[in-house]
Each structure stands twice: as C-alpha cells, then as structure tokens.
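Here's the structure, in structure tokens; my notes come after.
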Amino acid sequence: MRRLAALMMMFLLLTGCRGKEPDELALVRVLGVDGPGPVTLTAVCGGDDQGDESRGTSAGADFLSALDGLPWANEQSGEELALTSVSWLIVGRDADLEAVLLAVLRDQELAGLSTVWLADEGAAALLGNCEDPAAALSLLDRQGVKAPTAAKALASLYNDGQVELPVLDVGESGLECQGVEPWR
C-alpha cells in the first residue's frame, strides 16, 4: 500500500499536477447577500490580519445557485476566493433570510458561527462603499454591537417567528449600526 502511495506521489510530481498554492487563495471574511431570486453574492476578503482587499461577486437564481458559481476568481489578481473563513454575513432587506440561513448551515464551507447583519440599503452597496468591512465589523463587535450567529438567527426565526438583526449603514467614520430591527 505504501509503495502504491509513493508511486502516485511521484507520478503527480513528475507530471506537474499539484493543488493550488496557498498564495493563490483569498479567504472571504464578509459575504453579502441581495435578492430573493435572482440572488447576488458579494465577497470581500482581507481585513484585520490579511491586508488583501480582494473582492468578487456571483449571481444565481437563488442562494445555492449563486454559491454554485464558485470558485470565484478576482479578475485583477487571479486569486480564487474561498468561503472557509466567512465571519460576517450581511443580508439586504430583500434577501430570503430563511433560505440563506438554511443553506449556510448545510454548506460544508460556510459556518453557522458567522454573525448575521442587515444592510439598510443592500449588501452590495454597503460593501462597495466600505474600504475594509471586516475591520469595521470587528470594531463594532468590540464596541458591544452584537449580532446573532447564523445558527441562532435561524433558531430564533423558527422558535419566535422573528430574529433581531443589527442594521448597518455607511457613515462618516465607516460602518455604523443604526439600531436593531426585527426580521419576520
């Protein structure tokens, strides 16, 4: 068995087959969702510890179809955008929140621990007007603005018929929380 594995590795090395280099991957930190269908996803990488501000978009008939557009590639850098590090999920007012949350919890890459925020004027517009959304959201969290995780948000929707989401808008000093709003 070891001999077979060694032969396979040698074959891969000799033929030049190898996986993506880590420097060709950009980890998405913030994912925006607009529309009930068609759905547009806006991905923003970088922030706090990455420094790389790669961005990408994908569209589909629904949330799952938009996710199927992966792997997204940043046209400028050629990096592949990976969803394994999404910390913040920002939904527009027109998004189908229940369908998005169900898909997030079922997806192997996305985590149910991503916090969920509401974009007052739409996720794509909000993320397009913010230079470093990950740093801005991290700052809001340190200032005491709390958002539910995707898992808690879905549980609240099912158990209470609503979930309270912090509402984001772009202000003079970056992202600002405009209060909390119930989503039914």
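The values are calculated or read from the model by the stated rules, or taken from the named source; none is laboratory data. Treat the numbers as computed from the prediction; the structure is a model and nothing was measured. Reconstructed Cβ throughout: ideal geometry from the backbone, glycine too, with neighbour counts over all protein chains shown. For the accessible areas, the whole protein counts, side chains as well, though only heavy atoms, and no ligand, DNA or RNA atoms are used. Shrake-Rupley method; radii C 1.70, N 1.55, O 1.52, S 1.80 Å.
Heavy atoms only, probe 1.4 angstrom, no DNA, RNA or ligands counted: give me Thr40, Thr84, Thr115 ranked by accessible area, highest first.
Thr84, Thr40, Thr115
Kindly sort Arg29, Arg106 by accessible area of their heavy atoms, largest first, with the probe set to 1.4 Å.
From most exposed to least exposed: Arg106, Arg29.
All other residues with a Cβ under 13 Å from the Cβ of Lys146 taken together, and with Lys, Arg as +1 and Asp, Glu as -1, what is their net charge?
0
Any idea how far apart Asn159 and Asp141 come out in nm if each label point goes 7 Å out from Cα toward Cβ?
If labels sit at Asn159 and Asp141, their model points lie 2.2 nm apart.
What is the sum of charges, Lys and Arg at +1 and Asp and Glu at -1, for the other residues whose Cβ falls under 13 Å from the Cβ of Leu102?
-3
Going by accessible area, probe 1.4 Å, with all protein chains left in place, what is the ranking of Glu176, Glu79, Glu164, largest first?
Working: Glu176 65, Glu79 30, Glu164 110 Å².
In descending accessible area the options line up as Glu164, Glu176, Glu79.
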